[in-house]
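For reference, the structure is listed below as structure tokens.
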Amino acid sequence: MAKRTVEVALSTSGLDAEGRPQRTPLLVDEGGRVTTLEPPPAIEPELEGEHMLINIGPQHPATHGVLRLVLELDGETVVRCIPHVGYLHCGFEKIGEYRQYNQIIPWTDREDYLNSPGNNIAFALGAERLFGVEITPRCTVLRVIAMELSRIMSHLVWLGTTCIDIGAFTPFLWSFQERERIYTLLEQWIGARLTTTLTRVGGMAADIPDGWMDGLRDFIRTFPKTIAEVDRMVTRNGIWVGRTIGIGAMGPEEAVNAGLSGPMLRASGVAYDVRKDFPYLDYETYDFDVPVGTQGDVYDRFLVRMEELRQSVRILEQAVARLPDGPLNVDDARLILPPKTKATSEMESMIHHFKQVMEGPRPPIGETYVAVESPKGEKGYYFVSDGTPKPVRWRIRPPSYVNLSAIPKLVEGHLLSDVIAINASIDIVMGEIDR
């Protein structure tokens, strides 16, 4: 018997209770015959059993960290979900009150450790606003390059691990192979791979080495082929579509009321992107689109993140073309250390270096909040300065934490197996949640 090719189509069949169109998965065989995948029949009341409590996590690979989900089940249907967080006990915000501003940057690596360069840059932007300094054009473009590479890295981890959670292994290998190429670029730039500590208040830890841009151009040229290959394998795959369409859906009003941001919010049809609505690093001068979904389900979150990968490549192409020459760091003796050659040969520079490291720069008294578009949503840093070298308060607005708060609503009424797909679609990192 010849093997038949099966593809998946989508249709609109009526409206749900909230007036939104319902999408019904259809199977179309090679003969053109259409089969509708009907939901399972309701359980007869006399066949219902007692509810059962089970734990998913905190030691479970599908929870993507030490997350514990307590599920109340009626058969295999989730009746209630209670998330438990706090197992990491990081204490980043309190530690920051006892560190100088540049000394806090290594801690930002360890919040969302899949987005270390992005965290570094977000913190530096907040501290620079507090100090009242403006970075150089070269530093601005290099930070854009670092942030978009970091976005691609984070989305690739999400893509690969989510495919494993739902049952596809090959895209995991492809995505992590591309992620390794970015790590190689970061290692050549800064000497670190995962926790980069890339920035300094007023600039960067290092400039890119000679020939580095050639490696970046090669990545920009070849990476879209991998995105296209994953798209061909996954996007219309029958198993993938069946496991993601209509699962964990949330409408635009619900998403806004829940405080969601990033791909979680945009998948629900709300085109909010900090890079567009509150531009920083001259993002308003870059040409890129903000992808949005329509149904707010797991499938739309996948489509939004796939398109964001393509848009990040567009931004990188423009950043490479406009990277200027010139100084990397600001010309401000309050913030920038003297060159090492001067610090070891001139008494004044040595004293300057010593006081900078031991005492630290002192910003004016005040407070500020800076937000960026991280791969997971709006990442914000709030600072309060009392004029000393250490912030009297440092608070983080973690998108993973806020997005995770919606999981009880997302999983209720779905099957136990759907909880894994829904949790994966949120894209959390526990280091950012247990801050």
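The table for this structure:
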| quantity | calculated |
| --- | --- |
| Of residues in segment 106-127 being surrounded by 24 or more Cβ atoms within 10 Å (Cβ to Cβ) and more than 16 Å from residue 430 (Cβ to Cβ), the one nearest to the chain's Cα centre (by Cα) | 118 |
| Breaking point among (1) assigned to a helix (DSSP H, G or I); (2) surrounded by fewer than 20 Cβ atoms within 10 Å (Cβ to Cβ), for residue 189 | (2) |
| Segment 375-411 - residue that is among the hydrophobic types (A, V, I, L, M, F, W, C) and within 30 Å of residue 357 (Cβ to Cβ) and, of those, surrounded by the fewest Cβ atoms within 10 Å (Cβ to Cβ) | 392 |
| Subset tally (residues that are part of a loop (DSSP other than H, G, I, E, B) and either under 23 Å from the mean Cα position of the chain (by Cα) or on the phi < 0 side of the Ramachandran plot (or both)) for segment 357-411 | 17 |
| Sole exception among (1) of a type in the set (Val, Ile, Thr); (2) without any contact (Cβ under 8 Å) to a residue 24 or more places away in the chain; (3) touching an Asp or Glu at 6+ places or on another chain (Cβ under 9 Å) for residue 108, by number | (3) |
| Listing of helices (runs of 4 or more DSSP H) fully contained in segment 89-154 that carry 3 or more residues being under 23 Å from residue 208 (Cβ atoms) and of a type in the set (A, V, I, L, M) | 116-131 |
| Qualifying positions in segment 192-222 - among the acidic types (Asp, Glu) and surrounded by fewer than 13 Cβ atoms within 10 Å (Cβ to Cβ) | 210, 214, 218 |
| Residue that is nearest to residue 177 (Cα to Cα), among those in segment 226-241 that are in contact with a strand residue (DSSP E or B) (Cβ under 6 Å, 6 or more places away or on another chain) and surrounded by fewer than 19 Cβ atoms within 10 Å (Cβ to Cβ) | 236 |
| Count - residues of segment 66-116 that are at positive phi and touching a Pro at 6+ places or on another chain (Cβ under 8 Å) | 0 |
| Meets criteria (in contact (Cβ under 8 Å) with a residue 24 or more places away in the chain, of a type in the set (D, E, K, R) and part of a helix (DSSP H, G or I)) for residue 243 | yes |
| Residues within segment 412-430 that are assigned to a helix (DSSP H, G or I) and either surrounded by 21 or more Cβ atoms within 10 Å (Cβ to Cβ) or touching a helix residue (DSSP H, G or I) at 6+ places or on another chain (Cβ under 6 Å) (or both), tallied | 10 |
| Condition met for residue 196 (touching a residue at least 40 places away in the same chain (Cβ under 8 Å), hydroxyl-bearing (Ser, Thr, Tyr), in the same structural domain as residue 326 (by TED's automatic domain parsing) and not in a helix (DSSP H, G or I)) | yes |
| Of all residues making up segment 312-371, the number that are within 17 Å of residue 127 (Cα to Cα), among the β-branched types (Val, Ile, Thr) and at pLDDT below 90 | 2 |
| So residue 166, is it modelled with pLDDT under 95, over 18 Å from the mean Cα position of the chain (by Cα) and crowded, with 20+ Cβ neighbours inside 10 Å | yes |
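Quick grid of which residues meet (1) loosely packed, with under 15 Cβ neighbours inside 10 Å; (2) under 30 Å from residue 231 (Cβ atoms); (3) at pLDDT below 65:
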site	(1), (2), (3)
7	yes, yes, yes
57	no, no, no
82	yes, no, no
86	yes, no, no
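The values are calculated or read from the model by the stated rules, or taken from the named source; none is laboratory data. Nothing here was measured: the structure is a model prediction, and the numbers come from that model. Methodologically, a virtual Cβ is constructed for each residue, glycine included, from the backbone with ideal geometry; neighbour enumeration extends over all protein chains shown.
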